[in-house]
Amino acid sequence: DWTMAAFREQAIEEIRQKVGRNKVICGLSGGVDSAVAAVLLHEAIGDQLTCIFVDHGLMRQGEAEEVVGLFRGHYNIPLVHVEAADLFLGALEGESDPEKKRKTIGRLFVETFEAEAAKLGGAEFLAQGTLYPDVIESVSFTGGPSVTIKSHHNVGGLPERMNMKLVEPLRELFKDEVRALGRELGLPESFVGRHPFPGPGLAIRCPGAVTREKLDILRQADAIYLDEIRKAGLYDAIWQAFAVLLPVQTVGVMGDGRTYEYVCALRAVTSVDGMTADFYPYDMEFLGAAATRIINEVRGINRVVYDVTSKPPGTIEWE
Ligand code: XMP
């Protein structure tokens, strides 16, 4: 792709100018944005870059292994894998306000990055895979009076005081452009085509207070749902699909017993840039089959519903 080849050259030049001989750490989230940012930075500044993968205990099933595997296996980029589930889940305990959850996670990300930077003897810069829509949505929805819809952790969710400067080489790009850049940089197609995954992870797919038990239930339901989507050949037709665990229990019947368990909501949308989205029009057979599998295989869920809200008026994530 001619445009992306040119962008790549220019971005590399700008990164070198900005960073000089200083050290940079780059947070990897499991999503395509931070992965592309990391590979681009590595090309620009080589071993001045260290990647940090913070496992905050809010990842999906198998996610930590996939990300660490890609970076340690395919690339020679130094990667620090920080196990921080106790830290994040401890701080989130009992917190049910969506913005407070986001702010807490944003603050802990930065504290973790700062602590890791200190271990490396200090780093001047923190690199992030922030995209243009993240910038817009964290500031204002309309460009008019500033109304924060939600503080994306990598923009508005950052604390005001931070002792590293930001490097955000993708700040002017939309998702489809980041994917094109990822291909240009030779990232495997399986990674480039991944659905977006938000930095705050499963915390914002567990409305209300997050617990390990709920996360565990959600992870299982989500994995089954995505498995069904892949088997049906729908993964690439969907922008993003995931399960949400509602903080509501309802009555059901299984075998000859009464159940009283959680409701799982399924979400799937099509979109071009994440700024607007339409719910995905599954056929009922697919939904029925996915629901049956989730209820049969996941202890703790006895009811499944499908979210038919587009954006606007909904947002893609539930928090
Ligand atoms: P919403 O829910 O605002 O999401 O309609 C739009 C897109 O952004 C993703 N998202 C995030 N990504 N950090 C991220 O890196 C965040 O804090 C965050 N919040 C939402 C969301 O998954 C969707 O693709």
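The values are calculated or read from the model by the stated rules, or taken from the named source; none is laboratory data. Since the structure is predicted, the reported quantities are computational estimates derived from the model, not experimental observations. Glycine also receives a Cβ, built like all others from the backbone with ideal geometry; neighbour counts cover every protein chain displayed.
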Looking at (1) surrounded by fewer than 23 Cβ atoms within 10 Å (Cβ to Cβ); (2) within 13 Å of the ligand (Cβ to nearest atom); (3) assigned by TED's automatic domain parsing to the domain that holds Val54, which is the only condition Phe197 fails? (3)
Residues in the range 1-43 that are touching a Leu at 6+ places or on another chain (Cβ under 9 Å), farther than 15 Å from Leu173 by Cβ, away from the ligand (no atom under 16 Å from the Cβ) and not in a helix (DSSP H, G or I) total 3
So the check is Cβ under 7 Å with 6+ separation or different chains; which pairs have a first residue in the range 291-319 that's under 17 Å from Val253 (Cβ atoms) and a second one that's within 16 Å of the ligand (Cβ to nearest atom) and outside any loop (DSSP other than H, G, I, E, B)? Ile294/Tyr225; Val304/Leu266
Where Val67 falls short, out of the listed (1) out of contact with any helix residue (DSSP H, G or I) (no Cβ under 7 Å at 6 or more places or on another chain); (2) within 18 Å of Leu166 (Cβ to Cβ); (3) surrounded by 21 or more Cβ atoms within 10 Å (Cβ to Cβ): (2)
Answer with yes or no whether Ala84 is closer than 21 Å to Arg179 by Cα and surrounded by 15 or more Cβ atoms within 10 Å (Cβ to Cβ). no
Screening Arg293, Arg267 for residues that are surrounded by 14 or more Cβ atoms within 10 Å (Cβ to Cβ), more than 21 Å from Val32 (Cα to Cα) and of a type in the set (Lys, Arg) leaves only Arg293
